[in-house]
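Below: the structure, in structure tokens.
The values are calculated or read from the model by the stated rules, or taken from the named source; none is laboratory data. Values in this document were obtained by computation on a predicted structure and should not be read as measured data. Cβ atoms come from the backbone with ideal geometry, glycine included; neighbour counts cover every protein chain shown.
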Amino acid sequence: MTDIMDWDHCKREFIRVVEVDKSRIDSIIKKANKRLQRARKQKVEKDNSDFIVEDYYEVIKELLVAYLLKNGLRSKNHQCLISYFYKQNKNYEMEAHLISQMSLFRNRLDYYGEDIPLEFLKNNKEKFEEIIVLLKKLIDN
């Protein structure tokens, strides 16, 4: 399992308090939904699995940004988005670690050109969808 960044470190270094902006939250969710539709339309194949995982990660990341904004916070670090999610939802530890693993794969893809294993997508696509539903519920509550 991948490590989740320490929330206290995030608070000190990367988090700031902001005014809740409902229109910005709605806009972020709208963009995430468009990206999600693109991810869902793709046929899962070895040649495109990297980009499908990347799209799912971006959807989840955008929803995490909206989740923080809903709670009056903004992060300069993607790992702190995951840390906040986990801090607020300890019963979703597995989901937090999966998001962290997605982030790691996405960074390796973007910065080093490394492939994301097709099996990672096949084994976790359903879970990605569940995390997206969960995040939308958390944002709506």
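Descriptive notes on the structure:
- Yes/no for Asp8 being farther than 23 Å from Phe120 by Cβ and out of contact with any helix residue (DSSP H, G or I) (no Cβ under 8 Å at 6 or more places or on another chain): yes
- Scanning segment 89-112 for residues that are charged (D, E, K, R) and either in contact with an Asp or Glu (Cβ under 9 Å, 6 or more places away or on another chain) or not in a helix (DSSP H, G or I) (or both) returns Glu95, Arg106, Arg108, Asp110.
- Selection within segment 28-57: residues that are farther than 18 Å from Ser103 by Cβ and in contact with an Asp or Glu (Cβ under 9 Å, 6 or more places away or on another chain). The member of this set that is surrounded by the fewest Cβ atoms within 10 Å (Cβ to Cβ) is Lys46.
- Of all the numbered requirements in (1) of a type outside the set (Gly, Ala, Ser); (2) in contact (Cβ under 8 Å) with a residue 60 or more places away in the chain; (3) surrounded by 14 or more Cβ atoms within 10 Å (Cβ to Cβ), Asn89 misses one, and that requirement is (2).
- If you check Leu134, Leu104, Leu98, Leu121 for being surrounded by 19 or more Cβ atoms within 10 Å (Cβ to Cβ) and under 14 Å from the mean Cα position of the chain (by Cα), only one passes: Leu98.
- The single condition from (1) surrounded by fewer than 20 Cβ atoms within 10 Å (Cβ to Cβ); (2) more than 13 Å from the chain's Cα centre (by Cα); (3) assigned to a helix (DSSP H, G or I) that Asp115 fails is (3).
- With respect to the conditions (1) at pLDDT below 95; (2) closer than 30 Å to Val17 by Cβ; (3) touching a helix residue (DSSP H, G or I) at 6+ places or on another chain (Cβ under 6 Å); (4) among the acidic types (Asp, Glu), Glu58 falls short on a single one, namely (1).
- Scanning segment 62-78 for residues that are surrounded by fewer than 20 Cβ atoms within 10 Å (Cβ to Cβ) and within 27 Å of Glu119 (Cβ to Cβ) yields one hit, His78.
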